[in-house]
Amino acid sequence: MTAGSPMRVHHVVFCLQPENLERASALWTEWGLAFHELDLDDLGVRVLIDWQSGIELLAPRPDAGPEAAAFVTFLDERGEGVYSVVMGVSEVDGPAAVASRYGVPAAYEQRRDHGGLHLEEIMLAPFHGMPVTLLSTDPPL
């Protein structure tokens with residue numbers, strides 16, 4: 001996104017039990033989606049995403065340790081469902097500062113470079129039940 005561009009829904013993240021990930025992806029695939037698997041072993045999760053449709057399925061790896069604790073806790077407390085709505089933004093720090101003024105802290109941050117893609121992401125603590133993540137990529141996805 002370019003500077004000054006409005007934020008928009010980029011994709012929706014569903015958190016699933018590991019044993020349900022294949023079945024869920026099969027349903028979406030029959031609906032016409034084409035998932036790509038992302039290597040996020042450092043987070044202890046398996047991620048399938050279709051960038052075109054804006055759907056991401058993730059599940060903690062069965063052998064994951066403490067790095068997957070947030071996902072395991074989510075499933076234990078809320079069950080499967082929407083983990084976050086990811087908003088595409090031109091940069092993450094400005095919107096995160098606005099959220100902070102409303103008392104919404106960052107729950108997780110990552111900044112990665114992977115194969116020519118620079119990614120900045122800030123997952124905010126839920127605000128009135130709204131799980132929002134801010135995402136900026138270069139080049140834009």
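Here, each number is a calculation from the coordinates, and none is a lab measurement. Predicted model, so just to flag it, every value in this text is computed and none were measured. Here the Cβ positions follow ideal geometry from the backbone for every residue, glycine too, while neighbour counts run over all protein chains shown.
Taking the radius of gyration and the Kirkwood hydrodynamic radius from Cα positions alone, what is the Rg/Rh ratio for the range 8-138, to two decimal places?
We get a ratio of 0.95 for the range 8-138.
Report ³J(HN,Hα) in whole Hz for each residue of the range 89-101, in order, from the Karplus equation J = 6.51 cos²θ - 1.76 cosθ + 1.60 where θ = phi - 60°; Gly and Pro get x.
9, 6, 7, 8, 5, x, x, 5, 5, 4, 4, 4, 5
About its Cα centre, how strong a charge dipole does the range 8-138 have in debye, to the nearest 20, once Lys and Arg get +1 and Asp and Glu get -1 at the Cβ?
440 debye
If the chain between LEU117 and ALA34 were fully stretched, how many nm would it gain, using 0.36 nm times the residue separation less the Cα-Cα distance?
27.9 nm
Any chance you could give the angle, 0 to 90 degrees and rounded to 10, that helix 21-30 forms with the longest Cα principal axis of the chain?
80 degrees
Using a simple spin-label model with points 7 Å from Cα along the Cα→Cβ vector, what separation in nm is obtained for ARG78 and ALA97?
Taking the simple label geometry, ARG78 and ALA97 are separated by 2.8 nm.
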